[in-house]
Amino acid sequence: PTMALSRDKNGVVQIDRKKCTSCLMCVEFCPSASMYFSDRIPSPYKCVACGICVRACPEGALEIIDTGKEG
């Protein structure tokens with residue numbers, strides 16, 4: 001309801017933490033179950049395809065691929 005979610009130029013959904021009120025509606029209604037909440041983090045979060053986990057994986061088991069679809 002606060003328009004805290006938007007897509008960047010690559011189509012990745014971003015959270016504007018200044019606009020987020022932690023109402024958790026995005027977590028409840030996310031069609032792909034990609035939004036999460038933890039009582040240890042003050043607002044909802046999701047993967048933003050930054051690649052940190054890909055670079056950190058010691059086995060090279062992760063990758064970020066462009067499916068050509070908007071998520």
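Over the chain, DSSP H runs of length four or greater, each weighted -39,500 (n - 2.57), average out per residue to a 222 nm ellipticity of -2500 deg cm²/dmol. Projected label points at Met3 and Tyr45, each 7 Å from Cα along the beta carbon direction, are separated by 2.7 nanometres.
Based only on Cα atoms, what Rg/Rh ratio does the chain have, Rh being taken as Kirkwood's radius? Walk me through the numbers before you get to the answer.
On the way: Rg = 13.6 Å, Rh = 13.7 Å.
With Rh from the inverse mean 1/r over Cα pairs, Rg/Rh is 0.99.
Magnitude of the charge dipole for region 28-71, about its Cα centre and with charges confined to Cβ atoms of Lys, Arg (+1) and Asp, Glu (-1), is about 100 debye. As a proxy for reagent exposure, ranking Met35, Met25, Met3 by other Cβ atoms within 10 Å from fewest up yields Met3, Met25, Met35.
None of the figures in this text is laboratory data; all of them are computed from the coordinates on show. All values derive from a computational prediction rather than experimental measurement. Here the Cβ is made from the backbone with ideal geometry for all residues, glycine too, and neighbour counts use every protein chain on show.
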